[in-house]
Amino acid sequence: MISLKSQREIDGMYESGQLLASIHKKLQTYIKPGITTMEINDYVQSIIEANGATAPQKGYNNYPYATCVSVNDEMCHGFPTDQVLKKGDLVKVDFCVDLKGFLSDSCWAYAVEEASDEVEQLMRVTKEALFLGIEQAQVGKRTGDIGAVMDEHIKKYGYTMAVDFSGHGLGPTIHEAPAVPFTGEYGKGVRLREGLVITIEPIVNQGNGFCTIDSNQWTARTTDGSLSCQYEHTLVITKDGPRLLTQLDEE
Ligand code: MF3
Ligand code: CO
């Protein structure tokens, strides 16, 4: 269902998003060679709970953890495990926060200690695609405008968008209409309206964009073993343009 949020709901989602963003900021220094992806999960969950919030991904469609931690060729929905991170790994940490019933959702990519040139470029281009998509999140534009501009950008580097996933509306559940695809045609798709809260979350791959699902029934990884990157923000469409809810104000 497509719902438009009241000012009260937007204020609540903003507070939720600020907590989420502050946790990503902490992860920048927390993620180091030698820690496991489960330690990342537990660290995130403990901060969420210490702030009187909950981790709504846990139990969502039976997903077992507070976070998705996807490493290197994993596109998304990576299970946290005892896998030890090593220098140069590309880690995507994706989680939602529920603060007083208000949701936010954001994924950041991290290079463990240092990024090779290829990882650095993939991260930069993915983030650029996200922010180009965000610029299109205007009253009267359509979801196709967001997808088209993002896909156009990453193609210049020979990258591909994941074909099986998309962004989404947020609240009252994690996944609401409309879908916000990573590709599209300008002027096509669902019309964007004031008060609509959506995620934009391009998954960008070095290889062909196709995935296989692990035996855990969740984790998607590239079929060709190539690296995959993702950044995601939650935003609200206002008459003055997109307002990011999952970015700290100073940034
Ligand atoms: N945060 C994810 C997203 O961006 C939601 C993952 S659903 C879960 O859509 F069940 F895996 F948690
Ligand atoms: Co997410």
Task: From the options Glu114, Glu74, residue that is within 16 Å of ligand 2 (Cβ to nearest atom) and open to solvent by 10 Å² or more (accessible area, probe 1.4 Å) - done: Glu74
- [ ] Mind listing whichever residues of the range 156-196 are part of a strand (DSSP E or B), within 14 Å of ligand 2 (Cβ to nearest atom) and either charged (D, E, K, R) or open to solvent by less than 40 Å² (accessible area, probe 1.4 Å) (or both)?
- [x] Gly167, His168, Gly169, Glu176, Val180
- [ ] Within the range 36-68, count every residue that is farther than 26 Å from Lys100 by Cβ and not in a helix (DSSP H, G or I).
- [x] 1
Task: Any chance Thr199 is open to solvent by less than 20 Å² (accessible area, probe 1.4 Å), among the polar types (S, T, N, Q), assigned to a loop (DSSP other than H, G, I, E, B) and within 16 Å of ligand 1 (Cβ to nearest atom) - done: no
Task: Per-region count, the range 202-214, residues more than 21 Å from Val180 (Cα to Cα) and in contact with a Ser or Thr (Cβ under 9 Å, 6 or more places away or on another chain) - done: 4
Task: Conditions (1) within 14 Å of ligand 2 (Cβ to nearest atom); (2) surrounded by 21 or more Cβ atoms within 10 Å (Cβ to Cβ); number of the one not met by Cys211 - done: (1)
Task: Unmet requirement for Ala66, which otherwise passes all of (1) more than 9 Å from ligand 1 (Cβ to nearest atom); (2) touching a Pro at 6+ places or on another chain (Cβ under 9 Å); (3) more than 18 Å from Asp164 (Cβ to Cβ) - done: (1)
Task: Check on Ala55, small (Gly, Ala, Ser) and farther than 30 Å from Ser6 by Cβ - done: no
Open item on the list: Just to be sure I understand the filter: pairs with C-beta atoms under 8 Å, separated by 6 or more residues or on different chains, first member in the range 53-67 and within 10 Å of Phe79 (Cα to Cα) and touching a residue at least 40 places away in the same chain (Cβ under 8 Å), second member of a type outside the set (Phe, Trp, Tyr) and open to solvent by 10 Å² or more (accessible area, probe 1.4 Å). Which pairs pass?
Closed with: Tyr63/Gln57; Tyr63/His77
Task: Residue tally, condition in contact with a strand residue (DSSP E or B) (Cβ under 7 Å, 6 or more places away or on another chain) and in a loop (DSSP other than H, G, I, E, B), over the range 69-80 - done: 5
- [ ] Could you run through the range 215-251 and say how many residues are touching a Ser or Thr at 6+ places or on another chain (Cβ under 9 Å), under 16 Å from Leu132 (Cα atoms) and open to solvent by 60 Å² or more (accessible area, probe 1.4 Å)?
- [x] 0
- [ ] For the range 10-30, enumerate the residues that are within 12 Å of Val93 (Cα to Cα), open to solvent by 10 Å² or more (accessible area, probe 1.4 Å) and in contact with a strand residue (DSSP E or B) (Cβ under 8 Å, 6 or more places away or on another chain).
- [x] Gln28
Task: Number of the condition not met by Thr234 [criteria: (1) assigned to a strand (DSSP E or B); (2) under 17 Å from the mean Cα position of the chain (by Cα); (3) away from ligand 2 (no atom under 16 Å from the Cβ); (4) under 22 Å from Val93 (Cβ atoms)] - done: (3)
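The values are calculated or read from the model by the stated rules, or taken from the named source; none is laboratory data. The model shown is predicted, which means the values in this text are computed figures rather than measured ones. Quick reminder, even Gly has a Cβ in these numbers, built from the backbone with ideal geometry, and neighbours come from all protein chains shown. Please note that ligands, DNA and RNA were not included when accessible areas were found on the heavy atoms of the full protein model with its side chains. Shrake-Rupley method; radii C 1.70, N 1.55, O 1.52, S 1.80 Å.
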